[in-house]
1. Do any residues in the stretch 8-20 that are of a type in the set (Val, Ile, Thr) have Cβ atoms under 7 Å from those of residues that are surrounded by 10 or more Cβ atoms within 10 Å (Cβ to Cβ), where the two are at least six apart or on different chains, and which pairs are they?
2. Does Gln55 satisfy the criteria of being surrounded by 10 or more Cβ atoms within 10 Å (Cβ to Cβ) and closer than 30 Å to Leu6 by Cα?
3. List the residue pairs whose Cβ atoms are under 6 Å apart, where the first residue sits in the stretch 94-122 and is on the phi > 0 side of the Ramachandran plot, the second is β-branched (Val, Ile, Thr), and the two are 6 or more positions apart or on different chains.
Amino acid sequence: MKITPLDIRQKQFPRKLRGLDPKEVQGFLELVEGEMEELVRESIQLKDDLKRKAQRIDEYREQEKTLQETMVAAQQASDDIRDSAKRQADIIVSEAELQAERIVQGAHTRLVQILDEIGELKRQRAQFEAGVRSLVEAELKLLEVFQSQQGPHVPKNIEFLSPKGRASTPSAEASPNTTKGASSSK
């Protein structure tokens with residue numbers, strides 16, 4: 001049972017013969033009432049302080065919860081960004097490797113083409129040299145045949161073909177026809 005200061009003030013004690021001094025009892029009750037009122041006020045004030053502090057604690061807990069959620073979200077965002085950057089870096093590296101492989105393959109293909117072209121040019125050169133060699137040999141054979149047919153007059157014909165020989169030889173017109181006939185037999 002709770003006793004309030006009002007209960008103390010209104011408390012009546014029955015009187016008995018040879019009982020207590022009513023003034024002293026009344027004085028003591030007033031003293032107890034005052035102390036009780038002070039304790040009640042203090043208790044109310046402490047309860048109010050406790051409520052305010054409990055509210056502040058609740059606010060702090062809410063802020064702490066919000067901060068934790070924010071930190072978790074920031075950590076997740078950081079992890080997502082790091083993972084995304086790693087994926088992008090992997091993609092860039094893969095594309096660079098693929099492009100490098102294409103460049104190397106293209107260079108190798110071009111090298112093969114150049115080597116084929118060099119081989120073809122060497123073959124054409126060899127053909128050309130063989131053609132020139134066979135032409136020179138044919139011309140030498142023709143010259144040998146021509147010398148064998150002309151006999152000792154060949155040096156005179158050679159002199160005739162030279163620019164000095166034409167001017168000094170009186171029969172210059174007859175010799176070129178013979179030379180033309182010999183060269184047309186090619």
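Read-outs throughout are calculated quantities, based only on the coordinates presented, and are distinct from any laboratory measurement. Since the model is a prediction, treat every value here as computed from it, not as a measurement. Quick reminder, even Gly has a Cβ in these numbers, built from the backbone with ideal geometry, and neighbours come from all protein chains shown.
1. Ile8/Leu29; Ile8/Val32; Ile8/Glu33; Ile8/Met36
2. no
3. Final answer for the pair search is none.
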